[in-house]
2 protein chains.
Amino acid sequence: MKRWNTWGSENQALDAKLGPAAMTMLEQLLGKASALPDSTLEGVMAKVPASRLPQHPLIDTGAEIRVRHARGQSLPDHLAVRSGEFGVFPDGVALPENTEEVRQLLDFARDNDITVIPYGGGTSVVGHINPAEGDRPVLTIAMTRMNALLHLDKESQIATFGAGAAGPQLEAQLKEHGYTLGHFPQSWEFATIGGWIASRSSGQQSLRYGRIEQLFAGGRMEALNGTLDIPAIPASSAGPDVREMALGSEGRLGILTEVKVRVTPVAEKEIFHVVFLPSWEAGVNAVRTMAQSRVQLSMLRLSNAVETESMLRMADNQEEVALLEEYLGSKDVGEGKTMLTVGITGSENQCVPALTLAMEICEEFGGVDTGTHLGEIWAHGRFKGPYLREPLWQAGYAVDTMETAINWCDVNASMEKIETAIGSALNDEGESIHVYTHLSHVYGQGCSLYSTYLFRCADNYEETHKRWQKLKSAGAEAIVECKGTISHQHGVGTDHKQYLPAEKGELGMAAIQSLCDLFDPKGLMNPGKLL
Amino acid sequence: MKRWNTWGSENQALDAKLGPAAMTMLEQLLGKASALPDSTLEGVMAKVPASRLPQHPLIDTGAEIRVRHARGQSLPDHLAVRSGEFGVFPDGVALPENTEEVRQLLDFARDNDITVIPYGGGTSVVGHINPAEGDRPVLTIAMTRMNALLHLDKESQIATFGAGAAGPQLEAQLKEHGYTLGHFPQSWEFATIGGWIASRSSGQQSLRYGRIEQLFAGGRMEALNGTLDIPAIPASSAGPDVREMALGSEGRLGILTEVKVRVTPVAEKEIFHVVFLPSWEAGVNAVRTMAQSRVQLSMLRLSNAVETESMLRMADNQEEVALLEEYLGSKDVGEGKTMLTVGITGSENQCVPALTLAMEICEEFGGVDTGTHLGEIWAHGRFKGPYLREPLWQAGYAVDTMETAINWCDVNASMEKIETAIGSALNDEGESIHVYTHLSHVYGQGCSLYSTYLFRCADNYEETHKRWQKLKSAGAEAIVECKGTISHQHGVGTDHKQYLPAEKGELGMAAIQSLCDLFDPKGLMNPGKLL
């Protein structure tokens, strides 16, 4: 089971730690800090009000399950959970076992004027699954139990899953047959396939496997106004793609119950090389050249100089880091260096020329290949990022991220602008921000920019939340000014909602609204999210 | 200028011919035939009624321009044009020079209750641009003059074009800068970028460049109810993709005026190898293996045994064909053989391993590589298919095509079923059909199937049209039964409309209708098409 108040499973120890070098760095950058007081599960459970839901055999109105399904993983969610000030709880949680039960629950909701929140893994970082205040009772439908591989068509490489399958469940079932979906967002350990589709997710190796838009072939969505069966066709010119309406619908149209996804045999070979480049510009040029030359890679991830420096400082083995830096220095890769992780996946026959081409391009831009050692460390820790919030929190620091996608011609200026906006957002309080960025998910046209920012918690939760609000607004406004998307991989939820019209335009917003009105005429599905 | 009554430009001689071997083959298969009587342009012009449109400086109500914009390139269109029985003509044609003029025309249409047909290259084969009967006057807006490259962002590889740019105009302007769009449907010589987007087109080398969905980055659509500005973002998780609503909208939502497309530097190298395989099954297995192994190719096109045989019989040089067949026979590739064209495009460094991998896979399935000679012939004639309708017509035969996309697991059975349905559709009249199929546009999940069928014209136009109706219905119903899409690359228009609900479902159809209602509340945009 997922822990109730932090990232991770209850079966596993929370062993993410900040080493002394990292602590020193943070204290130097942000000042000394101390942790805010924590709530307890029992304390929070005591605050859960009586349920407003009529009785239904599939709905559990117990306090604990309602606490455990009340919040996602955004920083405001974290502050709510740790302070115990949850605000609104769902009035009940249902865990349907099959499509018929989902149908029953939706009919029940429609007939009783109940709002419905579809819940996958509860990993949203933008408020997708949080109940909103209102007079209508709130039913959270958690898809957890619908996690089976229902069918595997090896010839067409299509797997049918219950939409509640989380990353490890999904991959384990495919692996038994020698297949993989290859969708590995950082939330992979808990996030579900249905949630990925509803939020238009992207995985770390999207360069090989595609975004969820490319992986989602079709499936079934139960809506208040009927059932949408999306046929799994390789491609079609028969009118606008209904599949694309489900993608990014964030629970506003209905609940995906079964999904068909495009899978691949597990690759013969997979390696990650780490290359250091002399500057951000050199790194961006190398990455852009590889992407636009269509070198057959599975991942390109470039940390900017501050992220590179932070990662090296936070590494366990500082002696190794010193040796590495000495070696890089001898190759003219010193201060301002950027770290590039290059994923190569495929058959032996494909990996060999891909690696050669990639390394030739890196070299052209002054890159120094350090081989696969650091890449193995990256791969080993590829889902560990979210665990770092806990030791930071215990040290009195908060961490959050913002991300966008930008055309290549605007990447450098946008990175500067977003970092500057976030970095100076608490100037009025005299608080420093530690902000750094990586680029990943590369396309011919551009890439995503993903900024992480750390700041010191204020003396209390309310002020800490206000700090976050300033940081979030500053970052989001900078993204809008740069003409980036308000989200490349996290979705809209509540936290990005006000920035969506800048991207979609008046008619685009009205178009999405008209779909919501059709699928859900009473406005019961996940109200307040997306639009 | 495009010829008024057949495929081709008025500047170029109609030199497509059927050799004696082809004529013999057709007479044997279909029986002797004779041509139906032709109408003349003057004769048709004399039939054009007075325009019902109010005067407008941008609208031409002359008879000739109305004849030239009344019909597309479907077989019913061909029969209408050659017989002179056009039915409805547009009441006028406008050729706007810029977005402002399009806006003016749409406002004029809205204020005067005029239906609007957006017209690209007039190459639709499913009735997209044909005026429907009705009381409202019909204005065809031809985008011909808006064909310029407006901007090229080389860093982000985004080109902005007027939506009326036809294939050769578009590629010539890009080539000056060393770039290509790489979108080469058979209609390329006349079809436009706006039309490709509105009909969700796919080009012969979609394996490298992607379908138009992947190439279309954003742009501007003028609608009766406003303007839709679609930002060109590399990828986004911010809600349903508005870009996808324009794709396949078939003029029902509005008119694309400027489009941004993802372009690529012209590849260092491009070759087409032709491989013969001992059977259809062997060919399908080879193609599927190459697609699913992600071999970096630009095209895979497999003709079934009858198409292979037909192409060999229709070749100019029958002595060469005999030598080829002798050679193939010595390698156990004889009767029932299938011809596979393999496109390899990229840098020298990419083409070498791709060719090796592809040929290894072909060999595994008994394929014999004949090198690039036949591939060069294919590439030289890649847009020549549509020209064959004319010599066939003059010999008394009609030709049409049907296409779908199917998952790999259903490809063989579907090909059989579709060919059988078409091939037996005129059994009641004792007429034989010559039908053959190729597979192309390959995906991990499946591929398109493209069937060509030839039949003998009846004694008159009406009966010939009835024959076509039987053939079209038989093919389309077979596709629906096989759970293929009703079109992989031609769109819906009027001719596929009745088959769309089987694919989209009730809620899916209602979703598309709700978008139409929003963008065009009075139902003036291209009525009768798509839905």
Pick out, from region B:30-90, the helices (runs of 4 or more DSSP H) lying fully within it that include 1 or more residues that are within 22 Å of residue B:134 (Cβ to Cβ) and touching a strand residue (DSSP E or B) at 6+ places or on another chain (Cβ under 6 Å).
B:63-68
Sole exception among (1) modelled with pLDDT under 95; (2) under 24 Å from residue A:29 (Cβ atoms) for residue A:339, by number:
(1)
Between A:522, A:470, which is farther than 30 Å from residue B:506 by Cα, of a type in the set (D, E, K, R) and either at the interface with chain B (Cβ under 7 Å from one of its Cβ atoms) or not in a strand (DSSP E or B) (or both)?
A:470
Subset tally (residues that are part of a helix (DSSP H, G or I), within 13 Å of another protein chain (Cβ to nearest Cβ) and of a type outside the set (Gly, Ala, Ser)) for region A:343-367:
12
What number of residues within region B:123-139 are surrounded by 24 or more Cβ atoms within 10 Å (Cβ to Cβ) and in a loop (DSSP other than H, G, I, E, B)?
8
Specify which of the listed residues (B:368, B:352) is free of Cβ contacts under 8 Å to residues at least 40 places away in the same chain and among the hydrophobic types (A, V, I, L, M, F, W, C).
B:352
State whether the residues of region A:298-320 include one that is within 14 Å of another protein chain (Cβ to nearest Cβ), touching a Gly at 6+ places or on another chain (Cβ under 8 Å) and buried (at least 16 other Cβ atoms within 10 Å of the Cβ).
yes
Checking the structure you have, find out if any residue of region B:333-342 is away from every other protein chain (no Cβ under 14 Å), more than 25 Å from residue B:444 (Cβ to Cβ) and part of a helix (DSSP H, G or I).
no
Which is closer than 22 Å to residue B:450 by Cα, without any contact (Cβ under 8 Å) to a residue 60 or more places away in the chain and not assigned by TED's automatic domain parsing to the domain that holds residue B:399, of B:319, B:307, B:376, B:335?
B:335
Only one of B:528, B:491 is among the small types (Gly, Ala, Ser), at positive phi and crowded, with 24+ Cβ neighbours inside 10 Å, namely B:491
Find all pairs meeting these conditions: Cβ atoms under 7 angstrom apart; at least six residues apart or on different chains; first residue within region A:381-403 and over 24 Å from residue A:418 (Cα atoms); second residue charged (D, E, K, R) and assigned to a strand (DSSP E or B).
A:396/A:456
Keeping to region B:42-69, report how many residues are touching a helix residue (DSSP H, G or I) at 6+ places or on another chain (Cβ under 6 Å) and either of a type in the set (Phe, Trp, Tyr) or closer than 10 Å to residue B:90 by Cα (or both).
3
Could you list all residues from region B:120-178 that are touching a Cys at 6+ places or on another chain (Cβ under 8 Å) and acidic (Asp, Glu)?
B:153, B:155
Residues of region B:263-287 being surrounded by fewer than 24 Cβ atoms within 10 Å (Cβ to Cβ) and within 12 Å of another protein chain (Cβ to nearest Cβ), in sequence order, are B:264, B:265, B:267, B:268, B:284, B:285
Which of the residues belonging to region B:316-344 are in contact with a Leu (Cβ under 9 Å, 6 or more places away or on another chain) and of a type outside the set (S, T, N, Q)?
B:321, B:324, B:325, B:333, B:334, B:337, B:339, B:340, B:342, B:343, B:344
For region A:497-518, enumerate the residues that are touching a residue at least 24 places away in the same chain (Cβ under 8 Å) and more than 7 Å from every other protein chain (Cβ to nearest Cβ).
A:497, A:516
Tell me whether region B:117-124 contains one or more residues that are modelled with pLDDT of 95 or more and more than 25 Å from residue B:384 (Cα to Cα).
yes
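Condition check ((1) farther than 30 Å from residue B:205 by Cβ; (2) surrounded by fewer than 24 Cβ atoms within 10 Å (Cβ to Cβ)) across all residues:
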| residue | (1), (2) |
| --- | --- |
| B:401 | no, yes |
| B:404 | no, no |
| B:420 | yes, yes |
| B:431 | yes, yes |
| B:455 | yes, no |
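The values are calculated or read from the model by the stated rules, or taken from the named source; none is laboratory data. This is a predicted model, so every value here is computed, not measured. Here the Cβ is made from the backbone with ideal geometry for all residues, glycine too, and neighbour counts use every protein chain on show.
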